[in-house]
Amino acid sequence: MKRSHQQLSQSLSILFGAVPFAFALVRAVRTGHDLRYLWVALAALLGAAIAMAMRESRPTRTVVGLGLTAFVLATLLGMAMALFLGTQLGPGVMVVGSGVGCCLAASCVLYALAHGRNI
């Protein structure tokens with residue numbers, strides 16, 4: 001991959017990874033006190049980090065496998081945190097959890113592509 005494509009993938013990876021935290025910041029500022037989205041984003045980030053660590057231990061996985069693993073783990077941990085914070089399971093929790101999971105999964109995939117990991 002050319003250097004400019006690597007830099008673009010790296011930049012997009014950072015951008016996608018920052019989106020859940022940007023939404024959490026907007027929510028905190030608008031409400032003045034609601035930090036639940038921040039905790040959900042942090043829990044989902046832990047899920048994505050676990051997926052990346054699993055990839056390092058088994059480098060034969062494809063980028064698609066990494067994306068799916070990161071999405072599932074980030075979504076499940078994000079939703080678990082929301083439920084832990086007292087939210088009831090419903091469509092809203094699922095939409096927020098899957099949105100955060102999707103952003104972090106895209107970030108993992110773009111990072112892997114930028115660093116020339118197996119495709």
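The values are calculated or read from the model by the stated rules, or taken from the named source; none is laboratory data. On a predicted model such as this, the values are computed, not experimentally measured, just so you know. We place every Cβ from the backbone using ideal geometry, glycine too, and count neighbours over all the protein chains shown.
Points worth noting:
- In this entry, A43 passes the filter for residues that are surrounded by 15 or more Cβ atoms within 10 Å (Cβ to Cβ), at pLDDT 95 or above, farther than 20 Å from H115 by Cα and hydrophobic (A, V, I, L, M, F, W, C).
- The conditions of being within 16 Å of C103 (Cα to Cα) and among the hydroxyl-bearing types (S, T, Y) are not met by S57.
- Scanning the stretch 7-26 for residues that are surrounded by fewer than 15 Cβ atoms within 10 Å (Cβ to Cβ), under 18 Å from the mean Cα position of the chain (by Cα) and not aliphatic (A, V, I, L, M) turns up just one, S11.
- The stretch 51-66, residues that are loosely packed, with under 15 Cβ neighbours inside 10 Å and part of a helix (DSSP H, G or I): A53, E56, S57, V64
- When each of A80, A48 is tested for being in a helix (DSSP H, G or I), touching a Ser or Thr at 6+ places or on another chain (Cβ under 8 Å) and in contact (Cβ under 8 Å) with a residue 24 or more places away in the chain, the lone residue that passes is A48.
- Boolean, T69 is surrounded by 13 or more Cβ atoms within 10 Å (Cβ to Cβ) and in a loop (DSSP other than H, G, I, E, B): no
- Flag for L113 being of a type in the set (A, V, I, L, M, F, W, C), assigned to a helix (DSSP H, G or I), crowded, with 16+ Cβ neighbours inside 10 Å and over 13 Å from the mean Cα position of the chain (by Cα): yes
- Verdict on M54 being of a type in the set (A, V, I, L, M, F, W, C) and modelled with pLDDT under 90: yes
- Pick from the stretch 27-37, criterion in a helix (DSSP H, G or I) and not β-branched (V, I, T), ranking: surrounded by the fewest Cβ atoms within 10 Å (Cβ to Cβ): R30
- Tally of residues being touching a Leu at 6+ places or on another chain (Cβ under 7 Å) and among the small types (G, A, S) across the stretch 33-82: 7
- Enumeration of residues in the stretch 9-45 that are among the β-branched types (V, I, T), touching a residue at least 60 places away in the same chain (Cβ under 8 Å) and closer than 16 Å to V96 by Cβ: V19, V40
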